[in-house]
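Reading through the structure tokens given below for one structure.
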Amino acid sequence: MAVAAIELSTWLESELRSDQAGETGAVWIYRGVLATKPQRALRQFCLQHLATEQQHLAEMNALLAPQARSVLLPIWRVAGFLTGFLPACLGERAVYLTVAAVETFVQSHYQQQIMHAELNRYPKIKEKLAAFMQDEIEHKDEAISLAGGPPGAWAKRWCALVGVGSEVAVKLARRM
């Protein structure tokens, strides 16, 4: 969908900017994990999910004019990288729990957008966001399955921090 073909409302441009920032962060989460040279199973998980996130990012970039994109993209890249790299240094389970935490937030974020009345004016974008949300739900469910159980005390704190960080990132990306 070409940007020039559709004029976005201020609300939608702001929301898509947050989505584009989030997909940028997601790409870099997987790059962060891959930088640790993980074992085969985790590497395959990351490569598969990285491909999906790169596709989402390309589609978000196509929806947003360059001047409408977040000016904080360098920060989202670093934050994403660290969100992948740090748990990968602790092991596979930490990565899967982190991915589950991120995708739980993303599912909620996309759901709020899809339910917003303003998005009814843009049925093709609404359909795209619903498809992206379904991909993220599948990522979350796979990560939960691979994590092998609920997080312990420290992992719960980390996952809560990931959720708070994601919320702060969305609020900042909506504005800049």
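Only the coordinates and a few stated rules stand behind these numbers; no lab work does. This is a predicted model, so every value here is computed, not measured. Cβ placement follows ideal geometry from the backbone for every residue including glycine, while neighbour counts extend to all protein chains displayed.
Given I125, V170, I75, which one lies farthest toward the positive end of the charge dipole of the chain, if we put +1 on the Cβ of every Lys and Arg and -1 on the Cβ of every Asp and Glu?
Toward the positive end, the furthest listed residue is I75.
Neighbour counts of other C-beta atoms within 10 Å: give me V164, V102, V27 arranged from fewest to most. Present the calculation step by step, with values, prior to reporting the outcome.
Working: V164 11, V102 26, V27 23.
Sorted ascending by nearby Cβ count, the order is V164, V27, V102.
Would you work out the relative contact order for the chain, in percent, from Cα pairs under 8 angstrom that are 6 or more residues apart? Spell out each step's value before the answer.
Details: 202 pairs, mean separation 56.6, N = 176.
Relative contact order of the chain: 32 percent.
Could you check the simple spin-label distance between N120 and A153, using points 7 Å along Cα→Cβ, in nm with one decimal?
Rounded to a tenth, the inter-label distance reads 5.0 nm.
If I histogram all Cα-Cα distances within the chain using bins 10 Å wide from 0, what percent of pairs lands in each bin?
Bin by bin from 0 Å, the calculated values are 10, 41, 34, 13, 2.
Report ³J(HN,Hα) in whole Hz for each residue of the range 141-150, in order, from the Karplus equation J = 6.51 cos²θ - 1.76 cosθ + 1.60 where θ = phi - 60°; Gly and Pro get x.
4, 5, 4, 4, 4, 6, 5, x, x, x
Quick one: dipole size for the chain, taken about the Cα centre, charges +1 on Lys/Arg Cβ and -1 on Asp/Glu Cβ, in debye to the nearest 20.
520
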